[in-house]
Amino acid sequence: MTETFPPANFIPTASAVEGIEVYLPAPAQAAPHQVEVDFKCPQCGATTAYSAADGGLTCSHCGYFQPPSGPAVGKRADEFEFTVETMARAAQGWGQERKEMACQNCGALTSLPAESLTNTCAFCGSNKVIQRQAPQDVLRPRFLVPFKLEAATCGQVARQWLGSSWMTPASLQKAAALANFTPIYLPFWTFDAICSAAWKAEVGHPKTERYFENGEWKERTVTEWRWESGQVRLTIDDLTVPGTARLSALLLGKILDFDLRALAAYEADYLAGLQAQSYDIPLEQAWETGRQQMREQTRQACVAQASTAQVRNLNMNLDFSEESWRYILLPVYLNTYRYEDKTYQVMVNGQTGSVAGQRPVDWTKVVLVLAGLLSPGVLLMLVGLATVALAGIGVGIAGFGFLVFILGFVIGSIILMQAYKLDDA
């Protein structure tokens, strides 16, 4: 019997003796964990898509419906500890064959269904994109909250929100309606921890004292500072930190009213026909953000424990314990629209319908309203000054005009601050 040399699965290695070849068994290589899912209808063979209304896979051609395979796990969803072992056990990839779209304008990386033909970035609306095979070397989400809001309802809610302020242009709803809302799963990290802190601070206590001045006794209020200390134990549950830097953290914070009791175990079926984004903020960076937020919550708990609200020179020793994390996907509708050569973004919570976004301000409207508030007071003061010689009548008119002007100025200042806040959103 003839045997091949070297034997199968053997590779050459360094030899200590010149002229002698040495071989050793090749190391075992684990195959990457990939599962291909084609989402084809078992009845007619057409491409299926996830349905927000019933939570299953619905064929848009023949109406065949496949119910979701598993119930919601909610708050019972497993969590990971911060250990090397759990990181090594965490699955990678999307669990299905997908494409990745790289935006050349804003840099966003979006995961697409393998059959998707879209060429527009959901984050900035740019068509300068490159499509390639999605990588399988990132952590796989363990849980997600399924879409509940239908696209048609989402568009209606967003258009109502866009027109809810008189400061926005009248044509804004029409401009925003030209862009479609894109359903996309966004990455988030959730963190749990117990924060134990010992604190010490000076606490101010108001005190009334009498003093003698200019030949008489008077009273005044002074603050007496006393040292106080205490212990705080705060349990943080499901602190949610965005896993992407492609969207405004301020806007995302306004739609984070997700009900995590609806968390379901991640399955590739939920991504049928939908876009998803992998995290670009890694676990370590998100955890540091989470720790800062936990530290601030603990500091506020220490201040609240003091006997009065006046606290200074706070010293806090904080320990974290029982830290754990989850990598989840949350449903969001994104709409990127253009108005007067500027790009604006609107996002809608795909579960609750909460809306946040950017709206341009019609400054012509604002200026006209401000002029309308200030002009009556100015006119009355001018009339009063012009008639001041008429037996004092002008003085009264001017005084009343001044009060009207002050009232208009206060209201106008509030409107102006609201306009700047809206424009800077």
Shape call for segment 138-291, from the Cα gyration tensor axes a ≥ b ≥ c (a/c under 1.5 means rounded, otherwise prolate when a/b beats b/c, else oblate), comes out oblate
Please compute the per residue accessible area over segment 242-330 with all protein chains in place, 1.4 Å probe, rounded to a whole number of Å².
47
Under 11 Å from a point 7 Å along the Cα-to-Cβ line of R226: which residues of segment 285-316 have their amide N that close?
307-308
How much of the accessible area of segment 316-425, in percent, comes from carbon and sulfur atoms when a 1.4 Å probe is used?
68
T235 versus N315, label points 7 Å from Cα toward the beta carbon: distance in nm?
3.1
Defining a contact as two alpha carbons under 8 Å apart and six or more residues distant in sequence, what relative contact order in percent does segment 273-425 show?
15
Fully extended, how many nm does the chain gain between A304 and Q156 (0.36 nm per residue separation, minus their Cα-Cα distance)?
49.0 nm
Return the distance in nm (one decimal) between the two label points of a simple spin-label model at S375 and S165, each offset 7 Å from Cα along Cα→Cβ.
2.5
Leaving out ligands, DNA and RNA but keeping every protein chain, what accessible area does M101 have, in Å² rounded to the nearest 10, with a 1.4 Å probe?
0
Would you please classify the overall shape of segment 278-379 from the alpha carbon gyration tensor, given that a ≥ b ≥ c denote the square roots of the eigenvalues, rounded means a/c under 1.5, and beyond that prolate means a/b larger than b/c while oblate covers the rest?
oblate
Relative contact order of segment 153-305, defined on C-alpha pairs under 8 angstrom at six or more residues apart (%)
28
Residue separation times 0.36 nm, minus the C-alpha to C-alpha distance between N105 and E296: what's the value?
65.2 nm
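The values are calculated or read from the model by the stated rules, or taken from the named source; none is laboratory data. Quantities reported herein were computed from a predicted structural model and do not represent experimental measurements. All Cβ positions, glycine included, derive from the backbone under ideal geometry; neighbour counts span all protein chains shown. Ligands, DNA and RNA are excluded from the accessible area calculation, which covers all protein heavy atoms including side chains. Shrake-Rupley method; radii C 1.70, N 1.55, O 1.52, S 1.80 Å.
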